[in-house]
Amino acid sequence: MDLEVWTVGGAGFLVEVFRALKLFLYGDSITGFIKFFVLSSAILFILMSIFGRDKMAFLKWFPMLVIVLNLCFAPITNLTIIDRQTGRTEVIRDFPFLPGFLLSFFSTTSDFLVSSIDQLFHTGLTISGGIGASYDVQNLDYAKNGFGGVSFLGRKALQYRFTDTKEFVEFSGMLNAYIDQCFLPYIAGDPQEIQTRLSGDIFANMRVDTFLMEWQGQIYTCSEFYDTKLSPEYNDILNQIRTNPELAGFTVEAASKLGDIITALTNEVISFENAVVRGGIINALSYSIAKAGVDSPGMLASYIAGRTAEQNKVLWRSIGEYASMMLPYLRNFLIAIAVFFSFLIIPLILIPFFGGNSVQVIFGYVKYIMWVWLWDPLLALIDAGLKIKVLDDANEIVGVLAGSGLHFFSIHPIRELLDWYPAVGGYISAVMVPSLAWMFVRGFEMGVSAVSWMFSSMSGQVEREFGMLGRNIALDSAAARVGLSGGEIRHYGER
């Protein structure tokens, strides 16, 4: 009999756990383990028959428990582990039937719920995102990206810098030289040129005919350098990233989804390599603009004010994003515990002292597996709601700022959204998913009570943390005005 176990991410880790359990259960050590507990169980029931009230305890209970044990672990099955996120498939042959059947049943149920949620909100994404029926938004689904995957992948593409890839360092130097010596002087002080040149395809709009520039000891006209040096390197980098996305730090699976993600966010049909390279050019231009104004008093004042505001955001976001990334890993570890320690059912079945009776033991194990596999549908539901909100806000941004598309004016507010919503999702899921999953297993009243308690208990800690943050920000602001650090100010204050 063949069974399937469905998962969203983590297949590589879970496959090794399944294999380890299989090796353990069919090795010499487990044989001695089973013999020991069978003998212990027999002795226990014999003593109960001799000294207890029920003289038939051995005949009534011991044969039944041995039969239950054999029904659970003697039959074998082939498990096919399928990862929806990566498309990876692994087959584990001759796996014990009971843990295999339970994991297969609840993972298949979980996969059905996730697929239903993805299908339901797939249509919602198309409508509320305003991105048109011609776009394939299947690659935005939870099953293909995991929790917060759309935001994490999109942000990674928009934050790309050419200096992150050693093969592109020379192009980065050429681009920075051209921006500093040609492009910025050309658009400086001309609002119309700034609006026109920084909208749309940034590289195509960077070509200027005026000015001279120097590169590696040679003098070029700006148009000559763009046509003969910069443009060929740009096209070569596009081809390299298209054929080898690992150069830009992306797997082949991620690259296949990123075009759809950026298209949905910006309302511009754009390929993976064009999105990454355009993001790298915009980030290089942003760096050059910041570098040009670093000595001005206005820039320094803005930095101090911006750093104060950024400290608030970084603290809040870092905790939320940690929760977003942690929960799927935690789910995989909980599944691994359910898989690997399923052999502990053996002594719990054979020794009633440990588990009450075999039916209760198995039922408790079933409830644990049910709880773990309910995480994915709940995470998919939260993820779908957040994606709708991200796409709504992103499309509103690109519609207001110089029209649709990935350009200089849209990339930064979109990155802000992709920073913000994973943190929101992390807080919501960390507080609600484990409790809500357990609520469906044990009853709604207990789950609602647990969620309410979590929200109320968080408020005091958040208040204390932000109070400390406010004091640190005040210290940093005072220190910046007198040329000291916050630590030095605190040190002198204590003295």
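The values are calculated or read from the model by the stated rules, or taken from the named source; none is laboratory data. Here the structure is a predicted model, which is why all the values come from computation and not from measurement. Heads up, the Cβs are rebuilt from the backbone with ideal geometry, glycines too, and the neighbour counts pull from every protein chain shown.
Tell me, which residue of segment 41-85 that is of a type in the set (Phe, Trp, Tyr) and farther than 25 Å from THR108 by Cα is surrounded by the fewest Cβ atoms within 10 Å (Cβ to Cβ)? Please lay out each step first, then the result.
So in segment 41-85, the residues of a type in the set (Phe, Trp, Tyr) come out as 45, 51, 58, 61-62, 73.
With the extra rule that they be farther than 25 Å from THR108 by Cα, the set shrinks to 45, 51, 58, 61-62.
Numbers: PHE45: 24, PHE51: 8, PHE58: 19, TRP61: 20, PHE62: 19.
Per the criteria, the residue is PHE51.
Which of (1) of a type outside the set (D, E, K, R); (2) in a helix (DSSP H, G or I); (3) surrounded by fewer than 17 Cβ atoms within 10 Å (Cβ to Cβ); (4) modelled with pLDDT of 55 or more does GLY403 not meet, given it meets every other one?
Exception for GLY403: condition (2).
Output yes when any residue across segment 373-390 is acidic (Asp, Glu), under 16 Å from SER151 (Cβ atoms), modelled with pLDDT of 85 or more and surrounded by 21 or more Cβ atoms within 10 Å (Cβ to Cβ), and no when none is.
Pass one, segment 373-390, residues acidic (Asp, Glu): 376, 383.
From what's left, under 16 Å from SER151 (Cβ atoms): 383.
Then drop every residue that is not modelled with pLDDT of 85 or more, which leaves 383.
Those still in the list that are surrounded by 21 or more Cβ atoms within 10 Å (Cβ to Cβ) too: 383.
Taking every residue of segment 373-390 in turn, at least one turns out to be acidic (Asp, Glu), under 16 Å from SER151 (Cβ atoms), modelled with pLDDT of 85 or more and surrounded by 21 or more Cβ atoms within 10 Å (Cβ to Cβ).
One line per residue, one yes/no per condition, for (1) of a type outside the set (Phe, Trp, Tyr); (2) without any contact (Cβ under 8 Å) to a residue 24 or more places away in the chain; (3) touching a Cys at 6+ places or on another chain (Cβ under 6 Å); (4) within 22 Å of GLY405 (Cα to Cα):
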site: TYR186; (1), (2), (3), (4): no, no, no, no
site: GLN195; (1), (2), (3), (4): yes, no, no, yes
site: ALA204; (1), (2), (3), (4): yes, yes, no, yes
site: PHE225; (1), (2), (3), (4): no, no, no, no
site: ASP260; (1), (2), (3), (4): yes, no, no, yes
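Say whether the condition of being in a helix (DSSP H, G or I), under 29 Å from the mean Cα position of the chain (by Cα) and polar (S, T, N, Q) is met by at least one residue in segment 183-192.
Restricting attention to segment 183-192, the residues satisfying the condition of being in a helix (DSSP H, G or I) are 183-187, 191-192.
Filter once more, so that each one left must be under 29 Å from the mean Cα position of the chain (by Cα): none.
No, every residue in segment 183-192 fails to be in a helix (DSSP H, G or I), under 29 Å from the mean Cα position of the chain (by Cα) and polar (S, T, N, Q).
Any idea which residue in segment 299-341 is farthest from MET432 (Cα to Cα), counting only those that are at pLDDT 75 or above and of a type in the set (S, T, N, Q)?
Out of the qualifying residues, it is ASN332.
So LEU184 passes all but one of these: (1) at pLDDT 85 or above; (2) surrounded by 18 or more Cβ atoms within 10 Å (Cβ to Cβ); (3) among the hydrophobic types (A, V, I, L, M, F, W, C). Which condition number does it fail?
So LEU184 meets the others, but not (2).
Please list, ordered by first then second residue, the pairs with beta carbon atoms under 8 Å, 6 or more apart or interchain, first in segment 369-384 and under 12 Å from THR108 (Cα atoms) and in contact (Cβ under 8 Å) with a residue 60 or more places away in the chain, second in a loop (DSSP other than H, G, I, E, B) and of a type outside the set (D, E, K, R).
Cβ pairs passing all conditions: ASP376/VAL8.
Quick one: ALA177 ticks every box in (1) surrounded by fewer than 20 Cβ atoms within 10 Å (Cβ to Cβ); (2) among the aliphatic types (A, V, I, L, M); (3) more than 19 Å from ASP227 (Cα to Cα) except a single one, so which number is it?
(3)
Would you check which residues across segment 199-252 are closer than 25 Å to ALA143 by Cα and surrounded by 15 or more Cβ atoms within 10 Å (Cβ to Cβ) and list them?
ARG242, PRO245, ALA248, PHE250
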